[in-house]
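What follows is a single structure, written as structure tokens, with notes after it.
The values are calculated or read from the model by the stated rules, or taken from the named source; none is laboratory data. Because the structure is a prediction, the values reported are computed rather than measured. Cβ coordinates were reconstructed from backbone atoms using ideal geometry, including for glycine residues, and neighbour counts include every protein chain displayed. Only protein heavy atoms, including side chains, enter the accessible area calculation; ligands, DNA and RNA are left aside. Shrake-Rupley method; radii C 1.70, N 1.55, O 1.52, S 1.80 Å.
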Amino acid sequence: AALLRAALDAALGVSETTLDDALRIVDAQLRDAAARFRLDDYALMSVFMYRDRLTTYVKDRTDIKLDMIALTNAVMERVGYDYPLQLQTALADAMQALYFIALFLNQIFTFTAIVLVGLSAILIYSLMIANVEEKTYEYGMLRAQGMQQYVLIELLVIQALCFAVPGIVAGLALGFA
């Protein structure tokens, strides 16, 4: 502005106060034109890009809705509430459908995990029953030779742990891999 003033002063002999008045008038006219400008007179659709959208889209469902409401409120405050504008948040709306798919898949995987846990419990139980039935004679002989009952129970618990612990460790390792 200072360079413009110096050039106008030199070329036209305009005083600084007259130039300030002219700049104020032009500024007022530009503001008036901007206030009267209607975007819908020139465009059928305008696309606004959300500047910090990545931090919004990694949030949970409720926080995304709150951020979208804040964004649309800011746009409407900027253009005016009486402005004929319809705001759409297409990506956020598309993500809503993905939440239902994710919920469905989560329920399927949870059900599958529950079924697998039940099957593994049945497998361990059947292995223990088969082992006890095979060794009933041996356990009877150990008791006849003087083994106390709690020692025999400890032996069976240790055998059950030998079946269960490797399976649990392998399942957790494969589950988190």
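Inter-label distance, Phe109 to Val151: 4.9 nm, where each label sits 7 Å from its Cα along the C-beta direction. Compare the Cα positions of Tyr137, Thr62, Phe48 along the charge dipole of the chain (+1 at Cβ of Lys, Arg; -1 at Cβ of Asp, Glu; about the Cα centre) and return the one farthest towards the positive end. Result: Tyr137. In the context of the full set of protein chains, residues of region 82-157 present 80 Å² of accessible surface per residue (probe radius 1.4 Å, heavy atoms only).
Of the solvent-accessible surface of region 40-177, computed with a 1.4 Å probe and all protein chains present, 68% belongs to carbon and sulfur. If R0 is 35 Å, the Cβ-Cβ spacing of Tyr81 and Ala22 corresponds to a FRET efficiency of close to 0.50.
Express the relative contact order of the chain as a whole percentage, based on alpha carbon pairs under 8 Å and six or more residues apart in sequence.
Relative CO of the chain lands at 11 percent.
Taking Cα centre as origin and charging only the Cβ of basic (Lys, Arg, +1) and acidic (Asp, Glu, -1) residues, the dipole magnitude of the chain rounds to 420 debye.
For Arg38 and Val58, a Förster radius of 45 Å and the Cβ-Cβ distance give a FRET efficiency of 0.80, rounded to the nearest 0.05.
Taking the longest Cα principal axis of the chain as reference, the axis of helix 149-176 is set at about 30 degrees. Take region 18-58 with all the other protein chains still there, run a 1.4 Å probe, and you get 92 Å² of accessible area per residue. Phi-derived couplings, Karplus 6.51 cos²θ - 1.76 cosθ + 1.60 at θ = phi - 60°, listed residue by residue for region 49-62: 9, 6, 5, 10, 6, 5, 5, 6, 6, 8, 7, 6, 4, 5 Hz, with x used for Gly and Pro.
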